[in-house]
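Report on the following structure.
The values are calculated or read from the model by the stated rules, or taken from the named source; none is laboratory data. The model shown is predicted, which means the values in this text are computed figures rather than measured ones. Neighbour counts are summed over all protein chains in view; Cβ atoms, including those assigned to glycine, are modelled from backbone coordinates with ideal geometry. Ligands, DNA and RNA are stripped out before the accessible areas are found, and what is left, the full protein with its side chains, is counted by its heavy atoms. Shrake-Rupley method; radii C 1.70, N 1.55, O 1.52, S 1.80 Å.
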Amino acid sequence: MRKYFLTGLLVLVPLAITAWVLNLIISTLDQSLLFVPDAWQPRTMFGMDVPGFGAVLTLAIVFLTGLLTNNLVGNFIVRLGERLLKRIPVVSSLYGSVKQVSDTLFSSSGNAFRQAVIIPYPHADSYTIAFLTGVPGGDVKNHLVGDYVSVYVPTTPNPTSGFFLMMERSKVVELDMTVDAALKYIVSMGVVAPDEIPSK
């Protein structure tokens, strides 16, 4: 009975977690319906709530925004809007910071999370997987003696939280592993190990 129970868990747990994550994403995207007039709400149009309608609407808005801003007129409007936002005292600093982070994370030319590495953490006798995010800048660089890099150490099993560290480049070892494989390894708490590669 124990064998059958564990087999059932192995089948159902991944399905349940996948369904839970999808439900969380769809219900979050459905919040966009709060900005839709009552006359255009699914309850008014179809006589019932339609799960996922807001998600489709959100994805359509994101796609159309990208499509419109990919030409000269749309680009001009975006730049004009950004100039206006930069003149508002509190909004300018907040918008500027968020835009810098989003440009780094989502831009195809960005360098964030492009390389998985292994570092000694939290002490010299243990190691963890981290991701290169760049090099220290600003006044921070003036106080670091030597060659340093910036790394992000994600927590397990939730990689969206973690620690930002600045380490000597000599202590950071680049891995012959994709970012996706490294993330799977972290999220699975080491259970889903990447394929073995002969040491160089």
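The table below gives the values:
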{"item": "Estimated 222 nm signal from helices in the chain, with DSSP H stretches of n ≥ 4 weighted -39500 (n - 2.57), rounded to 500", "result": "-15500 deg cm²/dmol"}
{"item": "Using distinct alpha-carbon pairs, which all enter the 1/r mean, Kirkwood radius of segment 19-87 in Å", "result": "14.1 Å"}
{"item": "Coarse-grained scattering of the chain at q = 0.17 Å⁻¹, given as base-10 log I(q)/I(0) from a Debye sum over alpha-carbon atoms", "result": "-1.27"}
{"item": "Of all accessible heavy-atom area on the chain, the percent that carbon and sulfur account for (1.4 Å)", "result": "67 percent"}
{"item": "Of L57, L15, L94, the one that fluctuates the most in a GNM where the chain has Cα springs shorter than 10 Å", "result": "L15"}
{"item": "Residue among I129, S97, L85 farthest towards the positive dipole end of the chain, charges placed on Cβ", "result": "L85"}
{"item": "Computed accessible area, K171, all protein chains, 1.4 angstrom probe, square angstrom", "result": "110 Å²"}
{"item": "Highest-MSF residue in the chain out of P136, P89, P37 [GNM, Cα springs under 10 Å]", "result": "P37"}
{"item": "Highest-fluctuation residue, A124, A16, A181 considered, GNM on the chain with Cα pairs under 10 Å", "result": "A16"}
{"item": "Solvent-accessible heavy-atom area per residue, rounded to whole Å², over the chain at 1.4 Å", "result": "77 Å²"}
{"item": "Within segment 33-165: Cβ-based charge dipole about Cα centre, in debye rounded to nearest 20 (Lys, Arg +1; Asp, Glu -1)", "result": "420 debye"}
